[in-house]
1. Does the range 147-168 hold any residues that are of a type in the set (S, T, N, Q) and either touching a residue at least 40 places away in the same chain (Cβ under 8 Å) or open to solvent by less than 30 Å² (accessible area, probe 1.4 Å) (or both), and which are they?
2. Quick check on the range 134-146: of everything there that is assigned to a helix (DSSP H, G or I) and in contact with a Leu (Cβ under 8 Å, 6 or more places away or on another chain), which residue is surrounded by the most Cβ atoms within 10 Å (Cβ to Cβ)?
3. Please go through the range 102-121 and give me each residue that is open to solvent by 90 Å² or more (accessible area, probe 1.4 Å) and either in a helix (DSSP H, G or I) or farther than 16 Å from Asn157 by Cα (or both), ordered by number.
4. Among the candidates Val215, Val202, Val236, single out the residue that is in a loop (DSSP other than H, G, I, E, B) and β-branched (Val, Ile, Thr).
5. Of everything in the range 169-185 that's outside any loop (DSSP other than H, G, I, E, B) and open to solvent by 30 Å² or more (accessible area, probe 1.4 Å), which residue is modelled with the lowest pLDDT?
6. Scan (1) assigned to a strand (DSSP E or B); (2) open to solvent by 30 Å² or more (accessible area, probe 1.4 Å); (3) closer than 26 Å to Glu31 by Cα; (4) of a type outside the set (Phe, Trp, Tyr) for the single condition Ala195 breaks and write down its number.
7. Restricting the first residue to the range 257-280 and requiring it to be among the basic types (Lys, Arg), which pairs with a second residue that is part of a strand (DSSP E or B) meet a Cβ separation below 6 Å and a spacing of at least six or different chains?
8. Among the listed residues Gly111, Gly116, Gly179, which satisfies the condition of being at positive phi, of a type in the set (Gly, Ala, Ser) and without any contact (Cβ under 8 Å) to a residue 60 or more places away in the chain?
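The values are calculated or read from the model by the stated rules, or taken from the named source; none is laboratory data. These numbers were taken from a predicted model, which means no experiment stands behind them. Reconstructed Cβ throughout: ideal geometry from the backbone, glycine too, with neighbour counts over all protein chains shown. The protein model used for the area step is the full one, side chains on, heavy atoms only, and it has no ligands, DNA or RNA in it. Shrake-Rupley method; radii C 1.70, N 1.55, O 1.52, S 1.80 Å.
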Amino acid sequence: MKVVHTIEDLRDQLRGQLRVAFVPTMGNLHEGHLALMKLARQHGDPVVASIFVNRLQFGPNEDFDRYPRTLQNDIDKLEQARDVYVLFAPDEKELYPEPQSYRVQPPADLGDILEGEYRPGFFGGVSTVVLKLFSCVQPRVAVFGKKDYQQLMVIRNMCRQFQLPVEILAHETVRDQDGLALSSRNMYLQPLERAEAPQLYVALASIQQQLQAGVHDADHLEKQATAYLNGRGWKVDYIAVRRRRDLNKPSRDDIAAGEPLVALAAAKLGATRLIDNLEL
């Protein structure tokens, strides 16, 4: 595996390649990330991964400074997995050589709801760095995980709006045996919190079960799941049942007609904020 740190070296490695598959990450890699690399290898050659902790997508009181940076360990994992040909690991000055003035701003009806409401500017930061990385790598396909469901939709929307020749592939959420979605932030959890953390998925699964049983009141299901988690010591930002196609709220008629739905959640357990979702 080649490890490069500059855009010039990256382009030297990829010159003439027309089937590049790309997986952007912020590092601290786990089995979920490695599954994305494996899917990328099935759809392109060579596979490029990136590791870059993007300051633009962190709010002023979030964990940018303490976000885990484990580059050598990540390199070891990628070399062992043998799915990645080039790892692009730029520093901040390489991707942002000048004071930031240009940013991609997703439309408010997608970028300012749910995660966008609780993390203002987050999707603008994500969209900006992904567009920069696409420009550097020029992939034919790019792979993202469904755990970040709204992010996946924002990126697909950006590719349509800018007519980018990149096919966006989605990998199913990778979970631990107890149901907890794999995340780099899981390492923040204390032992008792880690034992409690799968209850976020339990709450979403309960919504799924009740919808399958014929309950059509999404507001009731959201309030019930929120009360369940709050009662266990969580601090819920949102639990929302939405239409998959646009993340708008479904009507009772939508639910009765079998409209494809997704339940999305974000909640704090101790000092750690976890997100998850479940397609219904």
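1. Passing the criteria: Gln150, Asn157.
2. Only one residue fits best here, namely Val137.
3. Tyr102, Asp109, Glu117, Tyr118, Pro120
4. Every option except Val215 fails the conditions.
5. So the residue we want is Arg185.
6. (1)
7. Going by the 6 Å Cβ cut-off, the qualifying pairs are Lys268/Lys235.
8. None of the others qualify; the one that does is Gly179.
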